[in-house]
Amino acid sequence: MKKVTRLVIQQRNKERVNVYLDDEFAFGLALMEAVQLKVGQTLTDEQIADLKDEDQYHKAYSRSLDYLSRRPRSRQEIERYLKGKEVPEPTIERVVARLTKAQFLDDLAFAHYWIENRDAFRPRGVRALRYELRQKGLDETIINEALNSSELDEIDSAYRVGAKQLYRLQSIEDRREFQQRLATYLARRGFNWETIREVSEQLWNDRNEPDLEF
């Protein structure tokens, strides 16, 4: 048994409290958890361990919210992030369950976000998008559903990507060389062969159009 001898709000974080047991600093707690304690109260080793576990959970949840504030994440990204912070598996499961219930984690919504964001800012072919979503830990069923229900136009995406390369290819007069170099570039971005063939043909024909933006 140990006695609570001091409860001090932290200077740098007013939402946390330093807990002193038998006149020695023992651990920090979130304010919402510390309110259940009072000076003079005695705690068993089991109670102390439970308080520490609960604080670890709240810190992991807060960290996850901060991580999610930068951009949406997949479930596996959150799990990897917390594992990197050496958060125990049971705590990770609690955090993920809470985030999911609050609808902060939704792998299908994340897949739609990723596809739309890529198409708007860094277009990729379906093959590349599928690979990226797998790397984010998404299930194949979810990936298929997101891709099938998206409004992705791979021809349009490939054309926009290829058009931005025209300034590098303008000096090439040979049609075959032009299309081969463009095809290599588009293939690296995950576009399929049929799309590449159609777009490279379009861009060869359109490359001298004065209104073409790239």
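Could you name the lysines whose alpha carbon sits less than 19 Å from that of residue 85, not counting residues in the same chain fewer than 8 places away?
Partners within reach: 52, 59, 136.
As a test question: what accessible area, to the nearest 10 Å², does residue 204 have when a 1.4 Å probe is rolled over all protein chains in place?
Approximately 50 Å² for this residue.
On average, how much accessible surface per residue is there in the range 1-77, in Å², for a 1.4 Å probe, leaving out ligands, DNA and RNA?
Ligands and nucleic acids excluded, the result is 64 Å² per residue.
Using the C-alpha gyration tensor of the range 97-143, what are the square roots of 5 times its eigenvalues, in whole angstrom, with the largest one first?
Result for the range 97-143: semi-axes of 21, 12, 7 Å.
What value in Å³ per residue do you get for the convex hull of the alpha-carbon atoms in the chain?
164
On the accessible surface of the chain, probed at 1.4 Å, how many percent belong to carbon and sulfur atoms?
Taking all protein chains in place, the chain shows 45 percent carbon and sulfur surface.
Before I look further, what does the range 94-214 give for accessible area per residue, probe 1.4 Å, in whole square angstrom?
About 61 Å² of surface per residue is accessible.
The values are calculated or read from the model by the stated rules, or taken from the named source; none is laboratory data. In this text, all values refer to a predicted model and were calculated from it rather than measured experimentally. For accessibility, only protein heavy atoms count, side chains too; no ligands or nucleic acids. Shrake-Rupley method; radii C 1.70, N 1.55, O 1.52, S 1.80 Å.
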